[in-house]
2 protein chains.
Amino acid sequence: MPATPIYRTAILPAWIDYNGHLRDAYYALILSYASDALMDLVGMDAAYRAATGNTLYTVEMHIHYLHEIHHSDIVMVAARVLGADHKRIHTAFDLSCEGQAAVAATAEFMLLHVHQGDTVSTTPFGPPIAAAIGALAAAGTDAPWPGPGSRRMQLRGR
Amino acid sequence: MPATPIYRTAILPAWIDYNGHLRDAYYALILSYASDALMDLVGMDAAYRAATGNTLYTVEMHIHYLHEIHHSDIVMVAARVLGADHKRIHTAFDLSCEGQAAVAATAEFMLLHVHQGDTVSTTPFGPPIAAAIGALAAAGTDAPWPGPGSRRMQLRGR
């Protein structure tokens with residue numbers, strides 16, 4: 001099974017910058033919404049968050065921008081889980097435009113499960129959520145990776 | 001000389017998510033505006049872009065989220081140039097809240113100089129811009145790095 005289609009959106013006019021294309025930060029916003037959709041998918045939806053006081057915090061985000069996105073594009077995001085432990089999910093997304101073969105961006109997020117009480121502290125996933133995350137991780141293992149993965153950023157020869 | 005203070009902003013209510021703090025993507029938006037401010041500083045402002053058809057494209061962005069930011073915070077961004085070649089700038093930002101010692105996020109961007117004509121093609125910086133970038137790079141060399149730098153994302157023991 002390839003990556004899981006998880007989010008789809010049109011491009012708002014306010015997201016276009018002076019270069020005439022989707023501003024870098026709005027790729028991040030689309031990916032952030034995709035991350036919310038992933039939470040819904042594995043059982044960490046609004047009802048779960050309200051009932052438990054638990055949620056995910058993003059601790060790291062790394063995006064590779066491969067192609068421009070324009071106002072007329074419809075963007076689709078697919079997700080896969082690259083790894084997980086008792087309180088963290090390492091997830092990857094690819095972002096493409098409807099009707100275009102090339103992937104427009106790839107991204108990785110590190111997400112941390114926390115409890116928001118008087119203070120914020122990390123907390124383990126419960127068994128149903130851990131199982132759902134594990135199922136997604138297993139589903140993604142044979143999918144080819146469509147672009148550059150996270151790596152140390154540096155000037156490379158070109 | 002430490003990193004160059006480059007951008008300052010209040011937090012808009014719409015930037016706060018269901019966790020009660022600044023959504024991950026809006027750190028990216030603040031950093032994107034800081035990147036625009038860096039362009040202004042080295043001579044790639046709106047007048048330059050209009051006159052030449054040249055601009056910067058973000059090709060990579062990597063953010064480490066270290067502390068939450070809330071609606072009442074005033075965010076300040078400092079920039080440094082980690083490296084550059086004839087058409088690329090590798091820049092780092094740190095983001096902190098007024099009155100708080102801890103850095104709230106660190107980030108790195110790889111920015112590519114392009115010409116937007118009938119097609120988009122990379123193009124070298126002119127001498128005045130290359131000199132301004134070089135001056136910023138030299139200014140940042142003795143500043144201690146306040147947080148994690150870009151690296152391959154992976155689950156690490158904790």
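Below, the figures for the structure above:
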| read-out | value |
| --- | --- |
| Pick from the stretch B:74-86, criterion within 22 Å of B:Met44 (Cβ to Cβ) and surrounded by 20 or more Cβ atoms within 10 Å (Cβ to Cβ), ranking: farthest from the other protein chains (Cβ to nearest Cβ) | B:Ala78 |
| Residue match in the stretch A:85-96 (condition: within 19 Å of A:Ile16 (Cβ to Cβ) and touching a Phe, Trp or Tyr at 6+ places or on another chain (Cβ under 6 Å)) | no |
| Selected residue (criterion: farthest from the other protein chains (Cβ to nearest Cβ)) from residues of the stretch B:1-38 that are surrounded by fewer than 22 Cβ atoms within 10 Å (Cβ to Cβ), of a type in the set (A, V, I, L, M) and in a helix (DSSP H, G or I) | B:Ala37 |
| Unique match (being outside any helix (DSSP H, G or I), modelled with pLDDT of 95 or more, more than 12 Å from chain A (Cβ to nearest Cβ) and more than 16 Å from the chain's Cα centre (by Cα)) among B:His71, B:His67 | B:His71 |
| Residue satisfying all of: in the stretch A:39-60; among the charged types (D, E, K, R) and in a helix (DSSP H, G or I); nearest to B:Ile69 (Cα to Cα) among these | A:Arg49 |
| Within the stretch B:37-77, tally of residues that are within 25 Å of B:Pro148 (Cα to Cα) and free of Cβ contacts under 8 Å to residues at least 24 places away in the same chain | 1 |
| Test set (1) in contact with a strand residue (DSSP E or B) (Cβ under 7 Å, 6 or more places away or on another chain); (2) closer than 29 Å to B:His21 by Cα; (3) not in a strand (DSSP E or B) - A:Gly147 fails condition number | (2) |
| Contacts under 7 angstrom Cβ, first residue in the stretch A:112-133 being touching a residue at least 12 places away in the same chain (Cβ under 8 Å) and closer than 22 Å to B:Met153 by Cα, partner outside any strand (DSSP E or B) and of a type in the set (Lys, Arg), 6 or more apart | A:Leu112/A:Lys87; A:His113/A:Lys87; A:Thr122/A:Lys87; A:Thr123/A:Lys87; A:Pro124/A:Lys87; A:Phe125/A:Lys87 |
| Which numbered condition A:Arg152 fails, given (1) within 11 Å of chain B (Cβ to nearest Cβ); (2) surrounded by 13 or more Cβ atoms within 10 Å (Cβ to Cβ) | (2) |
| Residue match in the stretch B:113-131 (condition: within 16 Å of B:Ala3 (Cβ to Cβ), within 12 Å of chain A (Cβ to nearest Cβ) and surrounded by 15 or more Cβ atoms within 10 Å (Cβ to Cβ)) | no |
| Complete set of residues in the stretch B:44-64 that are hydrophobic (A, V, I, L, M, F, W, C), in contact with a strand residue (DSSP E or B) (Cβ under 9 Å, 6 or more places away or on another chain) and more than 10 Å from every other protein chain (Cβ to nearest Cβ) | B:Met44 |
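The values are calculated or read from the model by the stated rules, or taken from the named source; none is laboratory data. These numbers were taken from a predicted model, which means no experiment stands behind them. Ideal geometry is used to build each Cβ from the backbone, glycine not excepted, and the neighbour counts take in all protein chains shown.
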